[in-house]
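First the structure, in the form of structure tokens, and then the observations on it.
The values are calculated or read from the model by the stated rules, or taken from the named source; none is laboratory data. Just so you know, these numbers come straight off a predicted model, no measurement behind them. Reconstructed Cβ throughout: ideal geometry from the backbone, glycine too, with neighbour counts over all protein chains shown. The accessibility values were calculated without ligands, DNA or RNA, using every heavy atom of the protein model including side chains. Shrake-Rupley method; radii C 1.70, N 1.55, O 1.52, S 1.80 Å.
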Amino acid sequence: MSAQTPRGWWLTERELREWFQQLIADGTKLVGPVDEDDLRIFRQVTSADSISLAAGKTQWSPKEFLLPRSEPLYAYTFEDGAPRLRDPEPLLADQAIVGVRPCDAAGLARLDSVFLSGTRDPHYQRRRDRTTVVSLSCVDATPDCFCTAAGGTPHGEEGADAILIPLAGRWLLRSITPKGAGLLARQRHAWPESTAEHDVAAENQRRRVEESMRRSPVMPEWPALLDRAFDLPVWQHLGERCMSCSICSYVCPSCSCFDMQDEGNPWCGSLCRSWDSCTFGLFTRHASGHNPRPTQVERYRQRVLHKFAYFPMERDGRLMCVGCGRCILLCPAGIDIYEAVRAVVEAQRNEVGASERS
Amino acid sequence: MDNPYRPDLMRIVGVRDETPDVRTLELDFLDREAAREFSTAWGPGQFGHFTVWGAGECVFTIANAPPLRPAGGDVRIECTFRAIGKVTNALRGLASGEIIGFRGPYGNTFPVADWKGRDLMFIGGGIGMAALRSPIQYVLDRRAEFGQIVILNGARTASDLVYREEMWEWQKKDGVRVVRTVDPGGETPEWDGEVGLLPHVFERLALGPDGRAVVVCGPPVMLHFMFLSLEKLGYSPQQVVTTLENKMKCGIGLCGRCNIGPFFVCRDGPVVTWAQMQTMPKDM
């Protein structure tokens, strides 16, 4: 008489908000998309009603709730001439990040593979351990969206613990991981279970959104092709447009590179980690003045190759790009990373073709 | 928390000026357990991150070799650095007895096991000698295990030559030849070494590639011309190793700035063969 795990639950808007509010009441730090002035951004909320689950994506990803823009890695003070070092204070609350688009949830999974494989980063890990992600499937795609080209879908479950699918004015809620099940354990008995018809409707929605996306998939052979394209002149043309503002890295759900600086004085302070970007000139400049990547051409090439060649070659072909499209939307120079990748792949194919003909 | 970014505390126990702007520090761990843990992982060629609180961290090669016979729990490390930026100038401002931070050892080691029974040549340009001092000490401590040893130490001027006192000690050992050189124009009236750029002096020595392992460390432009000279004299890319240098922050493969293609200098280097270097993209 093993209890069948329900395929999901069929929630009203009110039930959903009550669940969120209960999480807050239980002491969970609730984070979700909030409309603030003309931006939609992730914020910790004290009222479930302030969360916006309407169509569209947030201005930037929720990665700062796992990898803060700036965080102390340890603190130091000098007492009687002797340094005392202290680890950061323990985290006191669990957090639930809700309303995360599937591309952003996949971005968190990319951060996991940077910070939790190889040398594990305990600062990232402790936040990740206490975080549950409830994603939100997409009912439409904007022209910059290309999750389907980057290995995802508008209903993708990678990186999420539970997923919310808006259907006909109600919510189909599915639990994906034990963490997700834990988050809804208290309320789920009061909710009606979803049916096979809901699954069919969800599937139709996914297909409809996917069909509205025009960009063709990044193919498995592209990383190796790109890696061989390092010396091609096409980078010159692509990199010359980059202005080194690095907005692409800051809004990217999977960009993980960071800087470390002492913040303080000789008596007290901390070693701080902050987001950084490979498109900044100082990123790689040696103290001697030598810079292995002296211009935007080399820096932009690094950005593309790290995401579409080096990372996937090392990690089972998964890209360090989830196709959220924010960098395309926000680049002041109008650079489209997907088109850049295609252009380099094309150039490399022409190169190979030319050398075979000669 | 097992915090990889929190350094161990080390006391400066010795300060030696190599040149007007290059200094060597001797450092002792304050904590014996930290010293023990460090020494179980330490090999020649590795590097560490050194902290001056309030200024920041910087990366240096560990410039001495693990002792042949460790004495109790005491581990002393040395670093040689040029005062060139914010942190290195702050470090230069510290005196013997003061405490700094250290985390490491990081990276791989020189292939010392492969060198057994072979003749060795160490070629260092400027502060590149700092990376060679650890393997030099290592092989001199085990002199009988290796063949003839040639050490070629070059600098821009006579006053920029590092380890000038120690070179006499190295030279005294059986089968060790030390050649000192300065760039043309860098000599003084008293200079009694060679005059010439390292690649030229190397070629003049006319030492062939048979049975010899070569280690060459120095600035990128020197490496470029050294490789041309090594090629000219018939050396194969497999018998030459060097160390890569890149801007680093974390030292543990996470911060994302020291890579050359998929190769992370902190994680996969810093020691590489010339052959490996030839397969890398020109991103250095």
query = Any idea of the accessible area per residue across the protein assembly as shown, 1.4 Å probe, to the nearest Å²?
reply = 42 Å²
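Return an integer: the convex hull volume of the alpha-carbon atoms of chain B, in Å³ per residue. All intermediate terms of the calculation are to be shown ahead of the outcome.
Numbers: hull volume 38.2 nm³, N = 284.
Spread over its residues, the Cα hull of chain B gives 134 Å³ apiece.
Say R0 is 41 Å: what FRET efficiency, to the nearest 0.05, do A:Leu330 and A:Glu18 get from their beta-carbon distance? Can you show the working numbers first?
Details: r = 36 Å, r/R0 = 0.87.
So the FRET efficiency works out to roughly 0.70.
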request  = Please build a GNM for chain A, connecting alpha carbons under 10 Å apart, and tell me which residue among A:Leu282, A:Leu136, A:Leu183 fluctuates the most.
outcome  = A:Leu282
key: Evaluated over region A:154-248, the Cα radius of gyration and Dmax, each in Å   = 21.1, 62
key: FRET efficiency, A:Glu221 to B:Lys116 (Cβ-Cβ, R0 41 Å, nearest 0.05)   = 0.40
query = Using the eigenvalues of the Cα gyration tensor, what equivalent ellipsoid semi-axes result for region B:183-284 when each is taken as the square root of five times the eigenvalue, whole Å, largest first?
reply = 30, 18, 10
request  = Scan around B:Gly147 for amide H atoms under 5 Å from its own, H built in the peptide plane at 1.01 Å from N, and keep only partners 5 or more places away or cross-chain.
outcome  = B:Gly117, B:Arg118, B:Asp119, B:Leu120
ask   = Which far-off residues, 5 or more places away or on another chain, put their amide H under 5 Å from the one on B:Val178, with H placed in the peptide plane?
value = B:Ile151
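So what is the orientation-averaged projected area of region A:215-328, using the convex hull of its C-alpha atoms, in nm²?
Values: hull surface 36.2 nm².
So the mean shadow area of the Cα hull is 9.0 nm².
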remark   = 1/(1 + (r/R0)^6) with r = Cβ-Cβ of A:Leu116 and A:Gln59, R0 = 30 Å, i.e. FRET efficiency to nearest 0.05, evaluates to 0.65
ask   = Which value in nm describes the separation of the simple spin-label points at B:Lys86 and B:Asp2, placed 7 Å from the Cα toward the beta carbon?
value = 3.2 nm
inquiry  = Just to confirm the filter: which GluC sites (Glu not before Pro) across region B:189-241 are DSSP coil and have at most 15 other Cβ within 10 angstrom of their Cβ?
reply    = B:Glu190
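Treating only the Cβ of Lys, Arg, Asp and Glu as charged (+1, +1, -1, -1), what charge dipole size does the protein assembly as shown show about its Cα centre? Round to the nearest 20 debye. All intermediate terms of the calculation are to be shown ahead of the outcome.
Numbers: 74 positive and 81 negative charges, 126 e Å.
It comes to approximately 600 debye.
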ask   = Taking only Cα atoms, what is the 0 to 90° angle, nearest 10, from helix B:220-232's long axis to the longest principal axis of chain B?
value = 40 degrees
note = If every Lys and Arg gets +1 and every Asp and Glu gets -1 at its Cβ, then about the Cα centre region A:261-309 yields a dipole, in debye to the nearest 20, of 340 debye
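Probe radius 1.4 Å, ligands and nucleic acids ignored: give me the carbon and sulfur share of the accessible area of chain A as a rounded percent.
Values: 8220 of 15810 Å².
Its accessible area is 52 percent carbon and sulfur atoms.
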message = Give me the extension gain from A:Glu314 to A:Asn291: residue separation times 0.36 nm, minus the current Cα-Cα distance, reported in nm with one decimal.
response = 5.7 nm
Highest-MSF residue in chain B out of B:Trp191, B:Trp170, B:Trp274 [GNM, Cα springs under 10 Å] = B:Trp191
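As a check on your grasp of the helix formula, calculate [θ] at 222 nm for chain A: sum -39500 (n - 2.57) over DSSP H runs of n ≥ 4, divide by the residue count, round to the nearest 500. Working shown, then result.
On the way: 12 runs with 115 residues, N = 358.
That comes out to -9500 deg cm²/dmol.
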task = Would you mind telling me which residue in A:Ala162, A:Ala347, A:Ala106 has the biggest mean-square fluctuation in a Gaussian network model of chain A, where springs connect alpha carbons within a distance under 10 angstrom?
result = A:Ala347
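Protein chains only, probe 1.4 Å: how do B:Arg143, A:Arg86 rank by accessible area, largest first?
Working: B:Arg143 50, A:Arg86 120 Å².
Highest to lowest solvent-accessible surface, that is A:Arg86, B:Arg143.
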task = Decide, for the protein assembly as shown, between rounded, prolate and oblate: order the square roots of the alpha carbon gyration tensor eigenvalues as a ≥ b ≥ c, take rounded if a/c falls under 1.5, and otherwise choose prolate if a/b is larger than b/c, else oblate.
result = prolate
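Could you run the numbers on buried accessible area between A and B, total for both chains, 1.4 angstrom probe, in Å² to the nearest 100? Mind showing how you got there, number by number?
Values: alone 17520 and 13120 Å², together 27170 Å².
Separately minus together, A and B give about 3500 Å² buried.
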request  = With θ set to phi - 60°, apply the Karplus curve 6.51 cos²θ - 1.76 cosθ + 1.60 along region A:7-24 and write out the HN-Hα couplings as whole Hz, x wherever there is a Gly or Pro.
outcome  = 5, x, 10, 10, 9, 7, 3, 5, 4, 4, 5, 5, 4, 4, 5, 5, 4, 4
query = From the phi of every residue in region A:239-244, what ³J(HN,Hα) in whole Hz does the Karplus formula 6.51 cos²θ - 1.76 cosθ + 1.60 yield, where θ is phi - 60° and glycine or proline is x?
reply = x, 4, 7, 6, 9, 6
Simple spin-label estimate for A:Met243 and A:Asp49 in nanometres, 7 Å along Cα-Cβ = 4.1 nm
message = Please compute, for peptide B:1-13, the average count of beta-carbon atoms on other protein chains lying within 10 Å of each residue's beta-carbon.
response = 4
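For A:Arg342 and A:Asp26 in one chain, what is 0.36 nm times their gap in residues minus the Cα-Cα distance, to one decimal in nm? Each step should come with its number before you reach the end.
On the way: separation 316, 0.36 × 316 = 113.76 nm, distance 4.86 nm.
Full-extension gain reported as 108.9 nm.
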query = What is the distance, in nm, between label points placed 7 Å from the Cα along the Cα-to-Cβ direction at B:Arg76 and at B:Val15?
reply = 1.7 nm
query = Got a sec to turn the phi values of region B:35-41 into Karplus ³J(HN,Hα) couplings, 6.51 cos²θ - 1.76 cosθ + 1.60 with θ = phi - 60°, whole Hz, x for Gly and Pro?
reply = 5, 5, 4, 4, 5, 6, 10
task = Just the isolated ones, please: cysteines in chain B lacking another cysteine beta carbon under 4.7 angstrom.
result = B:Cys58, B:Cys79, B:Cys217, B:Cys258, B:Cys266
request  = Classify chain A as rounded, prolate or oblate from the Cα gyration tensor: take a ≥ b ≥ c as the square roots of its eigenvalues, call it rounded if a/c is under 1.5, otherwise prolate when a/b beats b/c and oblate if not.
outcome  = oblate
remark   = Shape call for region B:91-200, from the Cα gyration tensor axes a ≥ b ≥ c (a/c under 1.5 means rounded, otherwise prolate when a/b beats b/c, else oblate), comes out oblate
query = Lys/Arg Cβ at +1, Asp/Glu Cβ at -1, dipole of the protein assembly as shown taken about the Cα centre: which of B:Tyr106, B:Cys58, A:Ala287 is farthest positive-ward?
reply = B:Tyr106
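Largest first, what is the accessible-area ranking of A:Glu89, B:Glu98 with a 1.4 Å probe? Write down the numbers at each step before the final one.
Details: A:Glu89 125, B:Glu98 75 Å².
Ranked list, largest accessible area first: A:Glu89, B:Glu98.
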